[in-house]
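Only the coordinates and a few stated rules stand behind these numbers; no lab work does. The model shown is predicted, which means the values in this text are computed figures rather than measured ones. As a convention, Cβ positions derive from the backbone with ideal geometry for all residues, glycine included, and neighbour counts pool all protein chains shown.
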Ligand SMILES: [Zn+2]
């Protein structure tokens, strides 16, 4: 008497397996948004680091120091022009030489940093361009993903209606046991097949009495080892 119910169970399980594929499709659709979102967050952080890097180059401080030295250089030169004694002249020339060396060193640093600053600005511009462009594609992807997910969900919902109808057709004892085992086994399979006296999931052997009564549809049985609801092979060709 249980054989028609077993046949429904086989169909229910097959439908649930198909649902899993659509659910996977939904998660990979969602992943598309997450992946792009992650890349955008990462880029935003990189921009912040680059801004900090540029700030740490202290370009304006460097420039101020150069201006101070340049003013000092100019002043020393005018003082040199007004020098009366040879001693004064030598002293000014000495100071001018020191300022010139310092100025050259500072200018050297300044130009290296200026070049780096230009590189950083160009990197920032590229990243901002990505952020801008990806914001537009993110919106497009979101619309696309929402559409695809609703299609998948519709398929799942329709299938669930069929699953519900089939479940209601199961004989009461089988239905309650199936639902109970399913709950317990989640996310693993709730059913297994009895093939050549063996459970298809855990491969444990059952005795002939169990096998015969199950295959003739006289009883419902769960695997003594893995507790899955056993479906007789005979139900497949019923
Ligand atoms: Zn088993």
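When residue 134 is tested against (1) farther than 20 Å from residue 3 by Cα; (2) within 16 Å of the ligand (Cβ to nearest atom); (3) touching a helix residue (DSSP H, G or I) at 6+ places or on another chain (Cβ under 8 Å), only condition (2) is not met. If the condition is being out of contact with any helix residue (DSSP H, G or I) (no Cβ under 8 Å at 6 or more places or on another chain), more than 18 Å from residue 5 (Cα to Cα) and surrounded by fewer than 16 Cβ atoms within 10 Å (Cβ to Cβ), then the range 188-223 contributes 188, 196, 202, 203, 204, 205, 207, 208, 209.
Among the residues making up the range 182-238, those that are over 41 Å from the mean Cα position of the chain (by Cα), within 13 Å of the ligand (Cβ to nearest atom) and part of a loop (DSSP other than H, G, I, E, B) are 197, 206, 221, 224. Taking residue 172, is it at negative phi and away from the ligand (no atom under 16 Å from the Cβ)? Against the criterion (at negative phi and away from the ligand (no atom under 16 Å from the Cβ)), residue 172 qualifies.
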